[in-house]
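**Q** Okay, handing you the structure first.
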């Protein structure tokens with residue numbers, strides 16, 4: 001449509017109820033500028049209100065929507081908080097770093113469901129997909145099993161045994177202590193590798 005085509009339209013197709021101008025569509029930039037000048041002269045007050053005031057209303061509406069979204073996130077969703085533990089007491093930095101990485105990876109897999117939403121069958125995505133799945137399985141299945149093995153072994157120690165002083169130790173208890181340390185060291189080494197893997201593929205942890 002050209003500006004001349006617009007002017008040739010019946011009045012009811014250009015002005016609604018004899019009061020409100022109807023904006024055309026499909027005009028070139030030159031014809032649009034002509035139409036813009038036309039309505040600003042023919043409908044000066046209406047043109048100002050619909051352009052300037054409506055633009056301001058739209059701006060404040062967007063700000064209001066953003067504020068409501070911000071309030072929801074602050075009170076309910078709390079995306080900026082990583083909840084690493086239900087126990088609110090003091091936690092050392094090393095513990096918080098480890099649990100934060102574990103929580104972020106698990107939440108990514110279970111919450112964002114990347115394997116349902118992302119096409120991983122590409123040269124750049126195959127290896128990260130493999131690592132994410134391996135680390136997720138490690139944190140959710142392997143670690144609990146290994147930790148239970150350590151806890152069960154520790155619980156089997158005699159009640160009178162002092163882990164720090166080493167009092168009342170027997171050969172059997174000394175063997176258990178050695179086994180516990182061995183299992184803990186192996187688990188910590190495996191965790192360290194998993195944490196490093198998360199950092200290396202962190203650029204793929206988004207949907």
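The values are calculated or read from the model by the stated rules, or taken from the named source; none is laboratory data. Remember, predicted model here, so these are calculated numbers, not experimental data. For neighbour counting, all protein chains shown are included, and Cβ atoms are generated from backbone atoms with ideal geometry for every residue, glycine included.
**Q** If the requirement is being surrounded by 10 or more Cβ atoms within 10 Å (Cβ to Cβ) and within 24 Å of residue 205 (Cα to Cα), which of these qualifies: 53, 7, 105, 49?
**A** Of 53, 7, 105, 49, the one residue that is surrounded by 10 or more Cβ atoms within 10 Å (Cβ to Cβ) and within 24 Å of residue 205 (Cα to Cα) is 105.
**Q** A further question on this structure: Test residue 101 against the criterion of being closer than 28 Å to residue 131 by Cα and not in a loop (DSSP other than H, G, I, E, B), and give yes or no.
**A** yes
**Q** Shifting gears a bit: Find the residue count for the range 182-202, including only residues that are without any contact (Cβ under 8 Å) to a residue 40 or more places away in the chain and either outside any helix (DSSP H, G or I) or more than 22 Å from residue 99 (Cβ to Cβ) (or both).
**A** Residues that pass the stated criteria total 1.
**Q** Let me ask something else. Can you tell me which of (1) under 20 Å from residue 200 (Cα atoms); (2) at pLDDT below 95; (3) in contact with a helix residue (DSSP H, G or I) (Cβ under 8 Å, 6 or more places away or on another chain) is the one residue 83 doesn't meet?
**A** Unmet for residue 83, out of (1) under 20 Å from residue 200 (Cα atoms); (2) at pLDDT below 95; (3) in contact with a helix residue (DSSP H, G or I) (Cβ under 8 Å, 6 or more places away or on another chain): (1).
Matching residues to (1) farther than 22 Å from residue 194 by Cα; (2) out of contact with any helix residue (DSSP H, G or I) (no Cβ under 8 Å at 6 or more places or on another chain):
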| site | (1), (2) |
| --- | --- |
| 79 | yes, no |
| 92 | no, yes |
| 98 | no, no |
| 104 | no, no |
| 109 | no, no |
| 116 | yes, yes |
| 121 | yes, yes |
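**Q** Residues in the range 3-23: is at least one in contact with a strand residue (DSSP E or B) (Cβ under 7 Å, 6 or more places away or on another chain) and part of a helix (DSSP H, G or I)?
**A** Taking every residue of the range 3-23 in turn, at least one turns out to be in contact with a strand residue (DSSP E or B) (Cβ under 7 Å, 6 or more places away or on another chain) and part of a helix (DSSP H, G or I).
**Q** Here is a list of conditions, (1) within 24 Å of the chain's Cα centre (by Cα); (2) touching a residue at least 24 places away in the same chain (Cβ under 8 Å), and residue 153 meets all of them except one; can you say which number that is?
**A** (1)
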